Amino acid sequence: MDFTDLFAQTAGIVHFSPGRYFILSAVKDRLVVRRSDREGIVQTWLVDNAPSATHAALAKAAVKPAPSEGWITHAEWSPDSEYILAAVAKRGIVHVFSMRDEKWTARIEAGVEGLTKAEWAPDSRNILCFSEWGVSANVESVINHSEVEGTATYIQFPKHPDRGYAFRKDGRYFVLAERYKSKDMMGVYDCPSGYKLIRFKVVIMNLTGTNYIATFVPTDDPLLGVRHILWHPSGTYLLVGGWDSKVQWKEPHNWLANTRNRGFLPFTKTTATNTAPLFVGISKPSTMAPTASVANASVMPKSGVTHMQFSASGALLLVTWEQCPTLAFIYNFPSPEEPCIPRLRSVIQCAQNILHAQVSHSPTISGTTIALCTGTAAIYLWNDDRVLDESGQKGELAECVSVPSEKRFACKEIRWSPDGKGLILMDKDMFCAAFEVVEGEDVSSA
């Protein structure tokens, strides 16, 4: 692999552009855009971190703000790579910059409700801003946006600022968990119509944890709760990872019809190896709930699923477990047309605890590649379609790749490029990029 030099970053803000040709990073109050295929800076902006008028009026005059309050808290590319947003949440401001016009800029100021998070909508022309204390989720338009004012749509009382919302894959609809008349509801909004509410109270369950339409517990034993959920790429399976060292999946075939759109189906054990945590399948309808003594436990045990991720095709599933932090399990996962019995394929064992593991989601790369890091100056790669010998025989291969650097570097997080040909490796305050060298390909022309 080819590696770039080490560059500074803060708050882990380093992202490939959707087309992979640029890398965006933030250093305190400055945005930096680099080409991913060669050294050098393409563009840089110094973010005006002057607080919003409301924030300045409410600030205590006697208290001197810390310098880090003016640093960028999060930044990201628009889906079409034309714009970049940079939010300074502690000052209640969001700046938008254009890659095509260096002089164009837009500024969004939060009111008294404050700002916790900002992210792009799929159309690349609207920004979703979440306020503090769950007051509102504002959809700010950057079209014809002047430097101070623009148009916005306000949705009151979102349940969470960091979860409980999603866009449909094509960006047409936006679903949000929200509070309405002191009740938890699901709102579905039509994005092209200015986020007009089209449906309320979707039949799932009360989000507060009471008055369930139906309850779901994977086993007959008391359960600590759900830790992770994950959709299959085809949308036909829903995986549930709990604290009980098991992964369960929701079978797609006729489950809505069989439960009248209301229930979950309980799970029964299938064949599993003795060396890996269990997978569990589905059988008949039932309703159960965890006991109060377990549900109210103050200390969670070191067990359960810490990470789940499918390959692009959904044929492979990566799972890591807290009770065996040095191991990563790779399962063969069947297609919806096949009997739903996942089989353990490989186990990757590292000398130290795995801090981060990511599957490349690119369909253009031969095979499926998984990257892992353990807080050392190296990354670990596993691929299921590598050439193993001179005869051309292919199979799975795991390898360790050291990061060449004169400085001390401990890789703690990994991010794949959209095309699966590159990786961003991050330390606490530094990062570098790595690219796979394909025989016969000129890396500098990528």
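The values are calculated or read from the model by the stated rules, or taken from the named source; none is laboratory data. Computed from a predicted model, the values in this text were never measured in an experiment. Positions of Cβ are generated from backbone atoms using ideal geometry, with glycine treated the same way; all protein chains shown enter the neighbour counts.
Residues that are touching a residue at least 40 places away in the same chain (Cβ under 8 Å) and touching a strand residue (DSSP E or B) at 6+ places or on another chain (Cβ under 6 Å) within segment 179-193 comprise just one, Cys191.
Table: residues versus (1) under 30 Å from Trp382 (Cβ atoms); (2) in contact with a strand residue (DSSP E or B) (Cβ under 9 Å, 6 or more places away or on another chain); (3) among the β-branched types (Val, Ile, Thr); (4) free of Cβ contacts under 8 Å to residues at least 24 places away in the same chain.
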position	(1), (2), (3), (4)
Val14	yes, yes, yes, no
Ala26	no, yes, no, no
Val33	no, yes, yes, no
Ser36	yes, yes, no, no
Trp45	no, yes, no, no
Pro51	no, yes, no, no
Ala59	no, no, no, yes
Ile84	no, yes, yes, no
Phe97	no, yes, no, no
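Of all the criteria given as (1) without any contact (Cβ under 8 Å) to a residue 12 or more places away in the chain; (2) within 24 Å of Ser141 (Cα to Cα), the one not satisfied by Ala66 is (2). Scanning segment 103-134 for residues that are at pLDDT below 90 and among the hydrophobic types (A, V, I, L, M, F, W, C) yields Ala110, Val112, Trp133. Report yes if some residue within segment 323-336 is more than 17 Å from Leu239 (Cβ to Cβ), among the hydrophobic types (A, V, I, L, M, F, W, C) and surrounded by 15 or more Cβ atoms within 10 Å (Cβ to Cβ); otherwise report no. Taking every residue of segment 323-336 in turn, at least one turns out to be more than 17 Å from Leu239 (Cβ to Cβ), among the hydrophobic types (A, V, I, L, M, F, W, C) and surrounded by 15 or more Cβ atoms within 10 Å (Cβ to Cβ).
Restricting Val14, Val32 to residues that are over 22 Å from the mean Cα position of the chain (by Cα), modelled with pLDDT of 95 or more and on the phi < 0 side of the Ramachandran plot narrows the list to Val32. Kindly evaluate Lys90 against the criterion of being farther than 19 Å from Ser17 by Cβ and part of a loop (DSSP other than H, G, I, E, B). Criteria not met by Lys90. Within segment 388-402, residues that are free of Cβ contacts under 8 Å to residues at least 40 places away in the same chain have Cβ atoms under 9 Å from residues that are assigned to a strand (DSSP E or B) and basic (Lys, Arg) in these pairs: Leu388/Lys394; Lys394/Arg386; Gly395/Arg386; Leu397/Arg386; Glu399/Arg386, counting only partners at least 6 apart in sequence or on another chain. When the residues of segment 66-121 are filtered to those that are β-branched (Val, Ile, Thr) and touching a Ser or Thr at 6+ places or on another chain (Cβ under 8 Å), the one that is farthest from Tyr154 (Cα to Cα) is Ile72. Beta carbons closer than 6 Å, at least 6 apart along the sequence or on distinct chains, pair a first residue in segment 352-363 that is closer than 16 Å to Leu327 by Cβ and of a type in the set (Val, Ile, Thr) with a second that is part of a loop (DSSP other than H, G, I, E, B) and modelled with pLDDT of 95 or more for Ile354/Thr374.
Among residues of segment 141-159 that are over 16 Å from Asn126 (Cβ atoms) and modelled with pLDDT under 85, those with a beta-carbon under 7 Å from a residue that is surrounded by 18 or more Cβ atoms within 10 Å (Cβ to Cβ) and not small (Gly, Ala, Ser) at least six positions away or on a different chain give the pairs Glu147/Arg107; Val148/Arg107.
Each residue in segment 348-376 was checked for being within 15 Å of Ser311 (Cα to Cα), at pLDDT 95 or above and not small (Gly, Ala, Ser), and 4 of them qualify. Residues in segment 35-61 that are among the charged types (D, E, K, R) and either modelled with pLDDT of 85 or more or under 30 Å from Val112 (Cβ atoms) (or both): Arg35, Asp48, Lys60.
Within segment 403-425, residues that are on the phi > 0 side of the Ramachandran plot and in contact (Cβ under 8 Å) with a residue 40 or more places away in the chain have Cβ atoms under 7 Å from residues that are assigned to a strand (DSSP E or B) and crowded, with 17+ Cβ neighbours inside 10 Å in these pairs: Gly420/Thr369, counting only partners at least 6 apart in sequence or on another chain. Within segment 173-187, can you find the residues that are not basic (Lys, Arg) and not in a strand (DSSP E or B)? Passing the criteria: only Ser182. Filtered by the rule that a residue be under 20 Å from Asn332 (Cβ atoms) and surrounded by fewer than 20 Cβ atoms within 10 Å (Cβ to Cβ), segment 363-382 gives Pro363, Ile365, Ser366, Gly367. Go through segment 395-432 and give me each residue that's surrounded by fewer than 15 Cβ atoms within 10 Å (Cβ to Cβ), among the acidic types (Asp, Glu) and outside any strand (DSSP E or B). Selection gives Glu406, Asp429. Looking at segment 103-122 only, could you name the residues that are surrounded by fewer than 17 Cβ atoms within 10 Å (Cβ to Cβ) and not in a strand (DSSP E or B)? Lys103, Trp104, Gly111, Val112 - these are the residues of segment 103-122 that are surrounded by fewer than 17 Cβ atoms within 10 Å (Cβ to Cβ) and not in a strand (DSSP E or B).
Yes or no, residue by residue, for (1) within 30 Å of Gly19 (Cβ to Cβ); (2) polar (S, T, N, Q); (3) not in a strand (DSSP E or B):
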{"site": "Ala86", "(1), (2), (3)": "yes, no, no"}
{"site": "Asp101", "(1), (2), (3)": "yes, no, yes"}
{"site": "Ser124", "(1), (2), (3)": "yes, yes, yes"}
{"site": "Ile127", "(1), (2), (3)": "yes, no, no"}
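Of all residues in segment 303-321, those that are on the phi > 0 side of the Ramachandran plot and touching a residue at least 40 places away in the same chain (Cβ under 8 Å) have Cβ atoms under 8 Å from Cβ atoms of residues that are assigned to a strand (DSSP E or B) and basic (Lys, Arg), 6 or more apart or on another chain, in Gly304/Arg227. Scanning segment 166-178 for residues that are in contact with a strand residue (DSSP E or B) (Cβ under 8 Å, 6 or more places away or on another chain), in contact (Cβ under 8 Å) with a residue 12 or more places away in the chain and either loosely packed, with under 12 Cβ neighbours inside 10 Å or not β-branched (Val, Ile, Thr) (or both) yields a count of 7.
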